[in-house]
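All remarks here apply to the structure that follows.
The values are calculated or read from the model by the stated rules, or taken from the named source; none is laboratory data. The shown structure was predicted, so the numbers you read here are calculated from the model rather than taken from an experiment. Here Cβ is always computed from backbone atoms with ideal geometry, including for glycine, and neighbour counts include all displayed protein chains. For accessibility, only protein heavy atoms count, side chains too; no ligands or nucleic acids. Shrake-Rupley method; radii C 1.70, N 1.55, O 1.52, S 1.80 Å.
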Amino acid sequence: MVGIKDVARRAGVSIGTVSNVVNRPHIVSAATRSRVLSVIEELGYVRDESARQLRAGRSRIMALLVLDLGNPFFVDLARGAEQAAHDAGLNVITCNSGQRVDREESYLALLAEQRVRGLLLSPVDTSGGALETFRRSGIPYVFVDRKVPADEASSVSVDDLAGGELAGRHLLETGHRHVAFVNGPKILTQCRDREQGLRSALDGSAARLSVIETAELDVVSGRDAGARLLGMSPRPTAVFCANDLLALGVLQAMVGAGVRVPDEMAIVGYDDIEFAGAAAVPLTSVRQPARRLGQTAAELLIAETPESGNRPAHRSVVFKPELVVRASTQRR
């Protein structure tokens with residue numbers, strides 16, 4: 001492996017001069033800078049960034065740990081976080097827990113060892129010992145897509161109770177009296193809140209609620225839930241799903257069985273990912289501002305790092321969801 005000493009020896013300069021060319025090129029004469037850069041290119045030298053950061057006592061890398069990178073919602077969230085980080089001269093590494101507690105624990109331990117500048121976390125479970133261990137590392141962190149008390153940490157989220165209510169009221173207003181809810185893992189606060197919001201909307205009405213739980217929040221689980229819906233008697237006339245991937249899977253099951261959407265089965269999703277509007281039957285969905293979530297969370301995290309020069313009080317930012325009505329609930 002080519003080191004800084006090799007570059008200095010070949011260029012006939014000191015190690016300090018090579019360091020200046022790499023880190024402070026403006027203080028090196030043009031002729032010397034050109035000679036050193038030529039040697040760097042010739043030898044293929046790459047500076048040891050981790051060692052440099054260790055000496056400086058700080059990192060330029062933020063981490064983002066999310067539930068599921070297979071969900072376009074989290075991809076958009078990551079784009080927002082990356083934009084805020086890049087604007088601040090930082091970089092982001094993104095990790096995927098896959099909704100698994102053990103994988104989340106492994107990443108938290110690794111990120112603490114690597115002394116990242118800060119962490120944006122969409123957790124599987126906030127009560128685990130791994131998160132408590134990470135807290136003791138002293139690395140600042142911000143919860144994203146999860147609300148927590150401001151005295152614990154900063155967080156950026158969407159009001160999922162209101163989102164569930166939006167979906168429930170819409171289905172009541174369009175005449176449905178037997179509604180199904182396809183939910184994901186109950187360990188996730190988002191899933192619990194969306195179901196609670198739906199129940200709140202239906203309370204006091206004549207509508208009946210049936211709940212189907214899935215182990216994952218993906219299209220395959222949605223197709224399986226759709227098959228279970230088809231086997232129900234009496235069959236619900238509408239279904240609200242905990243996210244758009246589940247809803248797209250339910251839609252596939254309905255279309256495959258010849259069930260007309262929305263005339264025989266109305267479908268509402270959650271997140272309003274790009275694919276929702278492009279589905280075979282464009283999907284009504286509760287929209288979350290994914291990029292704004294990521295960007296806002298990253299900005300809060302940057303403000304809380306010691307390098308910012310101040311340590312503001314924790315903040316809890318909650319965005320309001322929006323119902324986007326499309327063909328999957330609009331009867332002709």
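Of the residues that make up the stretch 245-261, is at least one modelled with pLDDT of 95 or more, over 25 Å from Ala215 (Cβ atoms) and open to solvent by 10 Å² or more (accessible area, probe 1.4 Å)?
Scanning the stretch 245-261, I find at least one residue that is modelled with pLDDT of 95 or more, over 25 Å from Ala215 (Cβ atoms) and open to solvent by 10 Å² or more (accessible area, probe 1.4 Å), so the answer is yes.
With the requirement that a residue be among the small types (Gly, Ala, Ser), within 19 Å of Glu274 (Cα to Cα) and in a helix (DSSP H, G or I), what does the stretch 242-256 give you?
Our first condition is that a residue be among the small types (Gly, Ala, Ser); within the stretch 242-256, this holds for 242, 247, 249, 253, 256.
With the extra rule that they be within 19 Å of Glu274 (Cα to Cα), the set shrinks to 242, 247, 249.
The answer is Ala247, Gly249.
Taking Gln295 as the residue in question, decide whether it is polar (S, T, N, Q), more than 24 Å from Arg331 (Cβ to Cβ) and either open to solvent by 60 Å² or more (accessible area, probe 1.4 Å) or over 28 Å from the mean Cα position of the chain (by Cα) (or both).
So Gln295 fits the description; yes.
Just to verify a result, which residue in the stretch 139-195, among those that are assigned to a loop (DSSP other than H, G, I, E, B), open to solvent by less than 20 Å² (accessible area, probe 1.4 Å) and touching a strand residue (DSSP E or B) at 6+ places or on another chain (Cβ under 9 Å), is nearest to Glu299 (Cα to Cα)?
Filtering the stretch 139-195 for residues that are assigned to a loop (DSSP other than H, G, I, E, B), open to solvent by less than 20 Å² (accessible area, probe 1.4 Å) and touching a strand residue (DSSP E or B) at 6+ places or on another chain (Cβ under 9 Å), the one nearest to Glu299 (Cα to Cα) comes out as Pro140.
Among the residues of the stretch 264-290, how many are over 20 Å from Glu165 (Cα atoms) and either outside the structural domain of Ala225 (by the TED database) or open to solvent by less than 50 Å² (accessible area, probe 1.4 Å) (or both)?
Filtering the stretch 264-290 for residues over 20 Å from Glu165 (Cα atoms) gives 264, 274-275, 277-282.
Adding the requirement that they be either outside the structural domain of Ala225 (by the TED database) or open to solvent by less than 50 Å² (accessible area, probe 1.4 Å) (or both) leaves 277, 279, 281-282.
Qualifying residue count for the region: 4.
From the list Val239, Val318, which residue is closer than 20 Å to Phe74 by Cα, assigned to a strand (DSSP E or B) and not small (Gly, Ala, Ser)?
Exactly one of Val239, Val318 is closer than 20 Å to Phe74 by Cα, assigned to a strand (DSSP E or B) and not small (Gly, Ala, Ser), namely Val318.
Restricting to the stretch 199-236, give me the number of residues that are part of a strand (DSSP E or B) and more than 19 Å from Asp68 (Cα to Cα). Break it down stepwise before answering.
Narrowing the stretch 199-236 to residues part of a strand (DSSP E or B): 208-213.
Subset that is more than 19 Å from Asp68 (Cα to Cα): 208-212.
Qualifying residue count, the stretch 199-236: 5.
How do the pairs read when you match residues in the stretch 99-113 that are assigned to a helix (DSSP H, G or I) with residues anywhere that are open to solvent by 80 Å² or more (accessible area, probe 1.4 Å) and not basic (Lys, Arg), using Cβ under 6 Å and keeping only pairs 6 or more apart or on different chains?
Listed by first residue and then by second, the contacts come to nothing, as the list is empty.
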